[in-house]
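To start, the structure itself, in structure tokens.
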Amino acid sequence: MHTIFHSRPVVSESKRVSELELMKKSLEIQLQEMAKTVQKQQEMIALAKRDTLTGLRSRQGISEQIDALLHADCEGTFFIMDMDNFKNVNDTYGHMEGDQVLIRFAKGLKKAVDVNDIAARLGGDEFMVFSPGHYNKYELKAKAQRIIRQIERELITPGRLMRVTVSMGIASAPLDGVDYKALYGNSDKALYYVKNEGKNGYRFFSDISETYKSISEEIRLHSSLGEITKRLKERKMEGSYEVEYNDFEKIYRFMERNLIREHREVQCVLFTLDDYTETDEIVLQEQLAYLQHAVVSSLRKGDVTTKYSSSQVLALLMDVNRDNADLVVNRILGKYRREAGKKEMRVIYDIQQLLASEEVS
């Protein structure tokens, strides 16, 4: 019996290495193609989450992202804002110009927010910013003012007489809510409050909720006129009568319609912190407070004052002619300089006499 052996072909080591190298390259190519596909899908998803007009985030996916951040830390602040009288821009200059205004709004917003903030266009002229983490009230006020100022700078258009301002509502976690829905809803209520109070400013939901609470606590079913007038007189007045801008506007109109007819002279004065654009927000806020105090404390009880913007104060001087108005203003500026310290800013002013309403052109 004969045993027959069949010899197997001997595969060299170098050939095996070569085959493995080819397999490795093939796998690398496949992985690269898969990575390109995944990247393309991610880019398409990211593009879908971007607002095509402004380049900001769109509403899509925002709530989930904010809820995830709040779940991890449960601290953060939600700013919601829109343009005042935006409809008038579209009606006056057309929708193409309106789109340009929205683009400039977004540009200003991008410049004002911090690197960790989430900024988005929610739709129309409504925008939002979410700032994760803890901020105190002072820091939030400075941030709100910085955002509004930067946006309004971008919205200045040479040759356009229409002024576009910004209104903002603010809600913070955990005080005003612990998820997107609650923060959005409460900041929107604060925004509505700003709109109702004359626009062009910001409010914290925590402040207006306390206001509504105090009002509800003071409600009485019946009161006599004597009781009402007694409560009205309880507040002691020092210096000028300081009001919000929307109330100032009503008083101004009232004076136009009535007091001027009685041949009483009323001067309207605008104080402006000049060259403020490069000033630190906190310094600007401090200097405006000094200016406000100088104005309010230097005037009489019959005069009326209001903060007009983050760098301007308005005043109505009752029964004062132009020469005396200049003396009053110089007294105010002297007091401001004494209180402002080394960070004192240049203050300019403008004075106009109120005219009866039928004389106003």
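For segment 111-184, what is Rg from Cα atoms divided by 2.2 N^0.38 Å, rounded to two decimals?
Scaled against compact globular proteins, the figure is 1.24.
If r is the Cβ-Cβ distance from residue 192 to residue 71 and R0 is 41 Å, what FRET efficiency results, to the nearest 0.05?
Computed FRET efficiency for residue 192 and residue 71: 0.90.
With each label point set 7 Å from Cα along the Cα-Cβ vector, what nm distance links residue 244 and residue 262?
Taking the simple label geometry, residue 244 and residue 262 are separated by 2.7 nm.
With every protein chain in place, what's the accessible area of residue 153 (1.4 Å probe, Å², nearest 10)?
Result for residue 153: roughly 80 Å² accessible.
What FRET efficiency comes out for residue 110 versus residue 355 if R0 is 41 angstrom and r is the Cβ-Cβ distance? Round to the nearest 0.05.
That gives a FRET efficiency of 0.40.
If I ignore ligands, DNA and RNA and count only protein heavy atoms, how much of residue 275 is accessible to a 1.4 Å probe, in Å² to the nearest 10?
120 Å²
Rounded to the nearest 5, what is the percent of antiparallel bridges among the DSSP beta bridges in segment 74-151?
Once the DSSP bridges in segment 74-151 are tallied, antiparallel ones form about 100 percent.
What FRET efficiency comes out for residue 178 versus residue 138 if R0 is 25 angstrom and r is the Cβ-Cβ distance? Round to the nearest 0.05.
0.60
Fully extended, how many nm does the chain gain between residue 326 and residue 52 (0.36 nm per residue separation, minus their Cα-Cα distance)?
Length difference between fully extended and current span is 93.4 nm.
Just subtract the alpha-carbon distance of residue 14 and residue 338 from 0.36 nm times their residue separation and send over the number in nm, one decimal.
Numbers: separation 324, 0.36 × 324 = 116.64 nm, distance 9.05 nm.
Here the answer is 107.6 nm.
Within the set 49/141; 137/195; 107/250; 250/307; 195/342, which residue pairs have Cα atoms separated by over 26 Å?
49/141; 107/250; 195/342
Rounded to the nearest whole Å², what accessible area per residue is found for segment 238-326 with the 1.4 Å probe? If you can, show how the numbers build up before the last one.
Details: 4350 Å² over 89 residues.
Accessible area per residue: 49 Å².
Just to verify a number: what accessible area does residue 205 come out at with the full protein assembly present, 1.4 Å probe, Å² rounded to tens?
The accessible area comes out at roughly 40 Å².
The values are calculated or read from the model by the stated rules, or taken from the named source; none is laboratory data. For clarity, every value in this text was computed on a predicted model and none was experimentally measured. Here the Cβ is made from the backbone with ideal geometry for all residues, glycine too, and neighbour counts use every protein chain on show. To get the accessible areas, we keep the full protein, side chains included, count just its heavy atoms, and leave off ligands, DNA and RNA. Shrake-Rupley method; radii C 1.70, N 1.55, O 1.52, S 1.80 Å.
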